[in-house]
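Enquirer: Sharing a structure below in structure tokens format, with a few things to ask.
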Amino acid sequence: MATRQTGRRGFKRTSALLQPSIRRVSESRGFAQTRLLTHWPEIAGEAIAAVARPIDISYGRQGMGATLTLLTTGAQAPMLEMQKEGLREKINAVYGYNAIARIRLTQTAPVGFADGQADFTHKRRTATPPPTPETLARAGAIVAPVTDDSLRAALERLAQNVLTRSTKDKG
């Protein structure tokens with residue numbers, strides 16, 4: 001009698017499934033640590049994150065100290081130029097050693113080529129409104145055939161989220 005091998009943990013988090021892909025893409029641009037990209041407003045500060053974003057890290061021939069390239073608009077470049085040293089210290093604190101030796105600024109217009117368009121606004125998540133009574137009733141009707149209570153409750157929450165999102169996207 002053969003036994004079926006199952007995974008030790010069951011379902012995996014989406015972040016665990018996407019991590020290899022994210023790492024491969026970020027490493028192609030020189031970002032060995034994705035935290036610099038994912039937590040940029042926290043590292044650089046809201047004021048700098050609003051006007052600049054990291055786009056590339058390049059390493060010299062000797063391998064000591066990398067150059068971080070920041071994308072900004074032309075009007076913001078002089079202000080960032082004066083703050084480069086303090087920003088470099090903040091970034092190196094994330095790495096835990098003196099990984100970034102230089103910061104290079106590249107400028108772009110707010111409109112133009114797709115890669116060069118500068119939109120530095122970091123949108124905060126807005127709280128979704130509670131589902132309407134119609135949405136609650138519809139979600140309950142969809143999952144009514146499910147007999148397991150905990151599964152039905154989970155599927156009902158999922159249905160509420162999907163139904164709420166689809167009505168929000170239409171409006």
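The values are calculated or read from the model by the stated rules, or taken from the named source; none is laboratory data. Worth saying up front: this structure is predicted, and the values here are computed from it rather than measured. Heads up, the Cβs are rebuilt from the backbone with ideal geometry, glycines too, and the neighbour counts pull from every protein chain shown.
Enquirer: Taking the range 143-161 only, how many residues are not in a helix (DSSP H, G or I) and not hydrophobic (A, V, I, L, M, F, W, C)?
Expert: First, pick out the residues of the range 143-161 that are not in a helix (DSSP H, G or I): 144-148.
Those left that are additionally not hydrophobic (A, V, I, L, M, F, W, C): 145, 147-148.
The number of residues fulfilling the criteria is 3.
Enquirer: Checking the structure you have, find out if any residue of the range 76-88 is modelled with pLDDT of 80 or more, part of a loop (DSSP other than H, G, I, E, B) and either under 22 Å from the mean Cα position of the chain (by Cα) or in the same structural domain as Gly45 (by TED's automatic domain parsing) (or both). Give the derivation first.
Expert: Looking only at the range 76-88, we keep the residues that are modelled with pLDDT of 80 or more, and these are 76-88.
Still in the running and part of a loop (DSSP other than H, G, I, E, B): 76.
Now drop any that are not either under 22 Å from the mean Cα position of the chain (by Cα) or in the same structural domain as Gly45 (by TED's automatic domain parsing) (or both), which leaves 76.
Yes - at least one qualifying residue is present in the range 76-88.
Enquirer: Could you please give the count of residues in the range 36-56 that are within 12 Å of the chain's Cα centre (by Cα), surrounded by 14 or more Cβ atoms within 10 Å (Cβ to Cβ) and at pLDDT below 85? Give the steps one after another, and end with the answer.
Expert: Kept after step one, since they are within 12 Å of the chain's Cα centre (by Cα), are these residues of the range 36-56: 36-41.
From the residues that got through so far, the ones that are surrounded by 14 or more Cβ atoms within 10 Å (Cβ to Cβ) too are 36-37, 40-41.
Filter again for at pLDDT below 85, leaving 36-37.
Looking only at that region, the number is 2.
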